[in-house]
Amino acid sequence: MDLFILIIICIVNLSLGTIIFLRNTHLPSSRLFGLMTVLITTWIVSNYITDHAIDASLVMNDAANRLAYFAGIAAVLSGLWFTYYFPMRHSVGRKEFLTVVTGATLILVLSPTNFIAGTVSQDVSGLYFDHGGLSWLYIVCFVLALAILIRNLLRSAKMGGVSGRQQSYLIMVAFCASALLGLLLNVILPMVEAGWSTTKIGPLSTLALVGVTAYAIIRHGLFDIRLAIVRTATYVLSLITLALIYLILAMSVSIIFFGHQQAGQSLISVVLALVLAFSFQPVKQFFDKTTGKIFFQDSYDSDDFFARLNRVLTSTPDLHALLERAADEIVATLKSEQGYFFVNLKDGHHASIGVKSQSRLLLRDTKILDEYVTAHGDGTISREGLSESHPIAHLMRERKVALVLPLVRAEQILGYMCLGYRRSGEYTRRDATVIETVSDQLVIAIQNALAVQEIKVFNETLQQRIDEATKELRTSNAQLQRLDTAKDEFVSMASHQLRT
């Protein structure tokens with residue numbers, strides 16, 4: 001039974017690590033997570049070999065014991081280095097880097113030696129493990145690595161948005177539960193009780209890491225691999241369902257109609273195989289819908305989103321109302337914490353428009369963004385592609401922004417669209433592609449609104465000038481009327497005097 005559990009755990013660990021690694025091979029976080037799963041699997045296998053005598057010489061047990069100590073601390077160190085890149089990249093100071101590297105090198109070199117791993121022997125009661133005199137150093141380094149790991153995750157939770165904070169806490173729970181339980185079962189309890197029976201259940205501690213990581217993938221879109229997980233789950237569930245149906249039907253029909261006749265069983269097997277082949281697609285579609293509802297509660301239809309946004313962009317010529325509605329639509333579709341536009345108006349003026357309760361870009365921020373766009377092009381700016389010390393990364397962290405889309409037309413920067421952290425998970429490549437696709441629509445809508453606003457201002461100015469000219473004409477006409485009246489009075493008076 002323990003071998004069966006071991007195989008299942010190893011398969012799940014390696015599958016998860018492989019999917020994450022292949023999804024983003026260029027990212028350090030993906031590589032480190034893949035390495036960590038390999039080391040965890042190595043530790044599980046070597047731990048199993050250590051606890052089961054293969055021959056009288058115990059050479060394999062001794063080698064596996066040393067490998068288990070090495071792989072155990074190496075897995076924790078790879079997890080520690082992983083938290084420097086995920087869920088948020090952290091800069092490493094020179095002193096901290098040298099301290100971590102020196103300590104990691106020392107403990108990795110000492111782990112497989114007699115000073116820590118000890119020796120393996122056998123007596124009438126079974127296998128006996130003699131731990132080394134520096135086992136306490138192994139525990140200290142293990143705990144210190146875990147403490148730095150927790151510090152990195154707490155720092156990420158503090159700097160990130162709601163999604164980043166949830167991911168940081170989940171990863172911290174997964175690592176702490178798995179690492180501490182593994183250390184307790186495989187090192188501390190054997191040293192205190194001088195017995196090694198608890199090491200047989202030590203691999204079960206990795207279930208905490210796998211389980212919490214799986215929950216984070218399903219609930220919060222961790223690593224952006226839900227699509228791969230969904231497809232894998234769909235096919236696995238489909239195959240399991242078909243295999244069970246095939247087994248039940250084959251056994252039932254064979255026993256009822258043919259007993260144990262081999263020929264009849266073969267004929268029925270062929271017929272059932274054909275039936276199941278035709279029924280595979282409906283079963284697959286059923287699990288596609290089921291897993292889609294579970295894994296993609298926050299999914300959206302891009303074509304439907306484009307249609308809705310197009311209706312919004314053509315609904316009003318008023319720039320403020322237009323951008324406010326567009327920000328609401330984009331934020332609601334992508335499940336963002338916030339979203340707004342920064343638009344450059346005429347005569348050096350600018351406006352920041354979007355959903356309520358949000359940050360705002362400042363004019364000095366746009367100057368930094370303008371320099372970056374001029375040098376690197378008008379692609380979507382993401383924090384993942386920037387170093388922690390980059391000015392734009394610092395700017396985005398202060399404004400709680402995860403994506404910035406430059407709005408450029410004919411090499412002229414009209415403004416920027418800023419999106420906050422996603423409420424569940426990170427923005428996917430599909431999200432970035434969708435945002436870049438609608439940039440032209442947004443630019444055209446903004447230009448049209450600015451043109452309408454300019455025409456409106458011109459009309460208002462023209463009307464004001466007409467009103468002023470009309471007022472002047474009325475004033476002049478009144479003066480002429482007064483002069484005409486004075487003339488008539490003078491002529492009448494002169495005529496009267498002449499007659500007199």
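The values are calculated or read from the model by the stated rules, or taken from the named source; none is laboratory data. Everything numeric in this text was worked out from a predicted model, so none of it was measured. Don't worry about glycine lacking a Cβ; one is built from the backbone with ideal geometry, like all the others, and counts go over all protein chains shown. Keep in mind that these areas ignore ligands, DNA and RNA; they rest on the heavy atoms of the full protein, side chains included. Shrake-Rupley method; radii C 1.70, N 1.55, O 1.52, S 1.80 Å.
Using 0.36 nm per residue of separation minus the Cα-Cα distance, give me the extension gain between Arg311 and His349 in nm, one decimal. Walk me through the numbers on the way to the answer.
Details: separation 38, 0.36 × 38 = 13.68 nm, distance 2.77 nm.
Result: 10.9 nm gained on full extension.
The protection proxy used here, the mean number of other Cβ atoms lying within 10 Å of each residue, ranks peptides 28-35, 135-142 as follows, highest first: 28-35, 135-142. Of all the accessible heavy-atom surface of segment 42-105, with the other protein chains kept in place and a 1.4 Å probe, what percent is carbon and sulfur? The C+S portion of the solvent-accessible surface of segment 42-105 is 67 percent.
With respect to the cross-link table entries Lys335/Lys456; Lys400/Lys456; Lys95/Lys158, which display a Cα-Cα separation exceeding 32 Å?
Distance filter (> 32 Å) returns Lys335/Lys456; Lys400/Lys456.
Residues within the reach of a label modelled at Glu436 (point 7 angstrom out along Cα to beta-carbon, backbone nitrogen below 20 Å), restricted to segment 23-45, are 23-28.
Under the simplified labelling scheme, the Leu3-Leu363 pair shows an inter-label distance of 7.6 nm, with each label point 7 Å from Cα along Cα→Cβ. For the listed peptides 479-491, 331-343, a ranking on the average number of other beta carbons within 10 Å per residue, highest first, reads 331-343, 479-491.
Solvent exposure of segment 33-108 amounts to 43 Å² per residue of accessible area, where only protein heavy atoms count and the probe is 1.4 Å.
Listed by chain and number, the aspartates and glutamates whose C-alpha is less than 15 Å from the C-alpha of Lys346, apart from same-chain residues fewer than 8 away, are Glu454.
On a full-extension model of 0.36 nm per residue, what is the gain between Thr428 and Ala321, subtracting their alpha-carbon distance, rounded to one decimal in nm?
35.7 nm
Volume per residue for segment 392-500 equals 185 cubic angstrom (convex hull of Cα atoms).
Annotation: per residue accessible area for segment 302-383 equals 51 Å², rounded to a whole number [probe 1.4 Å, protein chains only].
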